[in-house]
Amino acid sequence: MTGRGIDQILPQPCDPAIHEPYMQSALGYVQLAEEKNGPLSRPVDHSYIWGDAVDELRRVQPDVRIVNLETAVTVSEHWVDKGINYRMNPANVGCLTVAGIDCCVLANNHVLDWGRPGLIDTLDALHGAGVRTAGAGSNRLQAQTPASLPIRAGGNVLVYSLATSSSGVPSDWAATAKDAGVDFLPDLSQRSVERIAQRVSAVKRAGDLVVVSIHWGANWGYDVSPQESAFARGLLEHAAVDLVHAHSSHHPKGIEVFRDKLILYGCGDFINDYEGISGYERFRGDLGLMYFPTLDGATGKLLRLELVPTQLMRLRVQRASAPDSDWLRTMLTREGRRFETSAELGESGRIELRWRGQPG
């Protein structure tokens, strides 16, 4: 979520005016963060917000780097009256390229905060910077076309991005044959699984891995509905999908390994401007995770999942403390119990997922 307050600390921020009932300037979110954890020297450079994550990315050297980008990238003034509107100046797109982001999934409830003109600006800014996108486009065909990311061993990671109404995405944001919008998922039915299976089978080739990224559910709470679970499992079992990457919750949720494939039910926020906002402290929204799954390139089976605990402080990612890392480990084990997964904390402070039937 690199818009709003995050955008304001970057080198070329948008006009800070926003249209919220309780905040009229995006600078107010910077002020809240400073009141909680001390002043920021502004502007910061593009790498600042990633903080310690840069070293982790350098250590792991993942084949592909995928994020849910929950903001418009535009200076358009054509805003949508929906209560909260995120945007980042296209001139600040370097905050994504500096971290080597390969793909931004865009089917979420903020990408059209500044209307369809803002969405077109977003696509132009990201593509102009060499960042691939999935889940949004100038028409339905573009929104439904997966991003194709080459991997070192050969083949590609094909990324689909879907939006649901349960995460606050209006159905009229759906891309049409002529209108820009998102790849909107009308329901979590078996028929929807079948439609996605048809789309995947048309493009997936030997050596390819398929990620389906879904924006669903509430911002707060650990619940995973039976419909969500059945849909995610259906994608893995019937649609040749290799990994489900879901989001919308502002905190991490439970993790499942189903038939040796990974389901992330809610990844939580990695970067946002919520520092200093109160009301949901029990969920520890300041804590996040970097997800580093290792998949078998031939089968898509999960071989390992390493999780790096992080904390947002002064609008910057830093390594979580030992007690906070253990808090995340405890939460993942508690919420994973229904899925027969648990978490183990290593000496480095990183977390390893454990699951029934794990190889080795």
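Here, each number is a calculation from the coordinates, and none is a lab measurement. A quick note: this is a predicted structure, and the numbers were derived from the prediction, not measured. Neighbour counts are summed over all protein chains in view; Cβ atoms, including those assigned to glycine, are modelled from backbone coordinates with ideal geometry.
In a DSSP loop and with at most 15 other Cβ atoms within 10 Å, the chymotrypsin sites (Phe, Trp or Tyr not before Pro) in segment 9-61 are Tyr22.
Grab the DSSP H runs of the chain that are 4 residues or longer, score each as -39,500 (n - 2.57), total them, divide by all residues and round the 222 nm result to the nearest 500 deg cm²/dmol. Working shown, then result.
Numbers: 9 runs with 89 residues, N = 360.
The helix-only estimate for the chain comes to -7000 deg cm²/dmol at 222 nm.
Here His46, His19, His245 are placed in order of increasing Cβ neighbour count within 10 Å, fewest first, which gives His19, His46, His245.
Only beta bridges with both residues in the chain are counted; by DSSP, about 55 percent of them are antiparallel. Of all lysines in the structure, the ones whose alpha carbon falls short of 27 Å from that of Lys178, not counting any fewer than 8 places away in one chain, are Lys82, Lys204. For the chain, the Cβ-based charge dipole about the Cα centre amounts to some 900 debye (Lys, Arg positive; Asp, Glu negative; other atoms uncharged). Ranking Val60, Val211, Val200 by how far each Cα lies toward the positive end of the dipole of the chain (charges on Cβ) leaves Val200 at the top. In a reduced charge model with +1 at each Lys and Arg Cβ and -1 at each Asp and Glu Cβ, segment 235-345 shows a dipole moment near 120 debye about its Cα centre.
Estimated at 0.36 nm per residue, the fully extended path between Asn139 and Ser348 surpasses their Cα-Cα distance by 70.6 nm. Arranged by the count of other C-beta atoms within 10 angstrom, fewest first, what order do Met313, Met290 take? With the sparsest Cβ surroundings first, the list reads Met313, Met290. Report for segment 1-157 the percent antiparallel among DSSP-assigned beta bridges with both residues inside it, nearest 5. Roughly 25 percent of the beta bridges in segment 1-157 run antiparallel, per DSSP.
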